[in-house]
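Contents: one structure, followed by commentary.
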Amino acid sequence: MTTTAGATAHDTADDLDTGRADVRPALRRLGEVGAFGADDDDPTEALLASVRMLRQLAAVSLSTAFSAWSQRMVLEYLRCFPPPAPPDGLLAALRAGTVPGATALAPAVADLAGTGTLPVTAVRDGAGWRLSGTVGWASNLFDDAVVVAPARTADEGRLVVLFRRTDPGVTPTRPHDTLGLRGTGTGGLHLDGVAVGPGQVLGDDLSAFMAVCRPAMMLLQTALALGLADAALAAAQEHLPAVLRADGDALAERRDDLARRLEDLAGDRVGVGPGDLARLRLAALDVAAEAVRLETAVAGGAGYLAGSGTARRVREAAFLPVQAPTYGQLRREISAAGPRQ
């Protein structure tokens, strides 16, 4: 990420959080500087670069970072499970940020855990499928966004499919009235017989799909939390009284330890289990929440103003635990994984 892209994200952070602007220009700027990589990138080096980029972005604007995360994950899905015949120019447009990428896989997490059912059904239609149902939550749902979502078949199969927001039968809902991150194009979709050809099916084994893609998802989400912690700790440092300095130092040490672990795992995921990734992200969520709480404790009345950076970070911190896998889902996953070996 260039200095210019970072400065732009900083300057637009409040407008993106409140919805006075949307993230599309930010995605295009990131695309212009190559933040979404190239087709011939080494996957490990690309993931590490994305971890660093999202952490930097989240420190100045979680709205921009979150939309960039969604864009990056759609590219990850297409890299790991390339469609047989991708639409001409699709990957280039996603990398350029000119076509938004929306990941709608939150229901997959609940479905695989046995705590939910996929809300989109897929019915055979010749060599392809027809999708019906709802996408309850997704972001980057602008214009002709590319959406990746799971769907269940009549015989209880599980597909991962790709379609466009502009496809016939796709009707967007009104944008969700969220607490923050209102410029991220967050809303839902109603699907009524949406045609999906065989070339739009990324996989027919949802469990295998998530097993491959989830490590990158979790590591990049961890980067979002650490970036928010960076911003809150830096802001708190400006007002930190001596009596709380030890608290700030301890939080910074925990943040730094998690950052080292994050980079180590992004560089080498051999032998890393789901429980390890869940513990890492959960710890990052806790550090981010505590850092924001410390900032609010020392910022004084200025931090309580709705338009302050402190107040925006409070709203940003409220979002991170509800991003799937949610805080509760992470806790259940850690419990199921058992004690760390």
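Looking only at residues in region 68-82 that are closer than 18 Å to Ala145 by Cα and touching a strand residue (DSSP E or B) at 6+ places or on another chain (Cβ under 6 Å), which one is surrounded by the fewest Cβ atoms within 10 Å (Cβ to Cβ)?
The selected residue is Met73.
Residue check: is Gly114 free of Cβ contacts under 8 Å to residues at least 24 places away in the same chain, surrounded by fewer than 18 Cβ atoms within 10 Å (Cβ to Cβ), on the phi > 0 side of the Ramachandran plot and over 16 Å from the mean Cα position of the chain (by Cα)?
For Gly114, the condition - free of Cβ contacts under 8 Å to residues at least 24 places away in the same chain, surrounded by fewer than 18 Cβ atoms within 10 Å (Cβ to Cβ), on the phi > 0 side of the Ramachandran plot and over 16 Å from the mean Cα position of the chain (by Cα) - is met.
Mind checking whether some residue in region 178-185 is out of contact with any Phe, Trp or Tyr (no Cβ under 9 Å at 6 or more places or on another chain) and under 26 Å from Thr64 (Cβ atoms)?
Looking for residues that are out of contact with any Phe, Trp or Tyr (no Cβ under 9 Å at 6 or more places or on another chain) and under 26 Å from Thr64 (Cβ atoms), one finds at least one in region 178-185, hence yes.
Can you find even one residue in region 74-91 that is in a helix (DSSP H, G or I), among the charged types (D, E, K, R) and out of contact with any Pro (no Cβ under 6 Å at 6 or more places or on another chain)?
The answer is yes, given that some residue of region 74-91 is in a helix (DSSP H, G or I), among the charged types (D, E, K, R) and out of contact with any Pro (no Cβ under 6 Å at 6 or more places or on another chain).
Can you find a residue that is part of a helix (DSSP H, G or I) and at pLDDT below 95 anywhere in region 276-284?
Yes.
Looking only at region 249-272, decide whether some residue is surrounded by fewer than 23 Cβ atoms within 10 Å (Cβ to Cβ) and in contact with a Cys (Cβ under 9 Å, 6 or more places away or on another chain).
No; the residues of region 249-272 include none that is surrounded by fewer than 23 Cβ atoms within 10 Å (Cβ to Cβ) and in contact with a Cys (Cβ under 9 Å, 6 or more places away or on another chain).
Cβ-Cβ under 9 Å, sequence separation 6+ or interchain: first residue in region 224-251 and touching a residue at least 40 places away in the same chain (Cβ under 8 Å), partner surrounded by fewer than 20 Cβ atoms within 10 Å (Cβ to Cβ) and not in a helix (DSSP H, G or I). Which pairs?
Correct list of pairs: Leu224/Gln323; His239/Gly300; Asp247/Leu240; Gly248/Leu240.
Looking only at residues in region 296-318 that are of a type in the set (A, V, I, L, M, F, W, C) and farther than 14 Å from Ala229 by Cβ, which one is surrounded by the most Cβ atoms within 10 Å (Cβ to Cβ)?
Ala299
Can you find a residue in region 148-169 that is among the basic types (Lys, Arg) and either touching a Phe, Trp or Tyr at 6+ places or on another chain (Cβ under 9 Å) or assigned by TED's automatic domain parsing to the domain that holds Val23 (or both)?
So far as region 148-169 goes, yes, one or more of its residues are among the basic types (Lys, Arg) and either touching a Phe, Trp or Tyr at 6+ places or on another chain (Cβ under 9 Å) or assigned by TED's automatic domain parsing to the domain that holds Val23 (or both).
Does Leu131 meet the test of being closer than 18 Å to Arg158 by Cα, touching a helix residue (DSSP H, G or I) at 6+ places or on another chain (Cβ under 6 Å), surrounded by 18 or more Cβ atoms within 10 Å (Cβ to Cβ) and of a type in the set (A, V, I, L, M, F, W, C)?
no
Test Arg124 against the stated conditions and say whether it is surrounded by fewer than 21 Cβ atoms within 10 Å (Cβ to Cβ), farther than 19 Å from Pro43 by Cβ and touching a strand residue (DSSP E or B) at 6+ places or on another chain (Cβ under 6 Å).
no
Does any residue of region 222-240 turn out to be within 26 Å of Phe319 (Cβ to Cβ), surrounded by fewer than 22 Cβ atoms within 10 Å (Cβ to Cβ), more than 20 Å from the chain's Cα centre (by Cα) and acidic (Asp, Glu)?
yes
Could you please give the count of residues in region 315-341 that are assigned to a helix (DSSP H, G or I), within 18 Å of the chain's Cα centre (by Cα) and not polar (S, T, N, Q)?
Result for region 315-341: 11.
Scan region 268-280 and give yes if some residue there is touching a Ser or Thr at 6+ places or on another chain (Cβ under 6 Å) and on the phi < 0 side of the Ramachandran plot, otherwise no.
Taking every residue of region 268-280 in turn, at least one turns out to be touching a Ser or Thr at 6+ places or on another chain (Cβ under 6 Å) and on the phi < 0 side of the Ramachandran plot.
The values are calculated or read from the model by the stated rules, or taken from the named source; none is laboratory data. Keep in mind the model is a prediction, meaning the values are calculated, not measured. Positions of Cβ are backbone-derived with ideal geometry, glycine not excepted, and every protein chain shown enters the neighbour counts.
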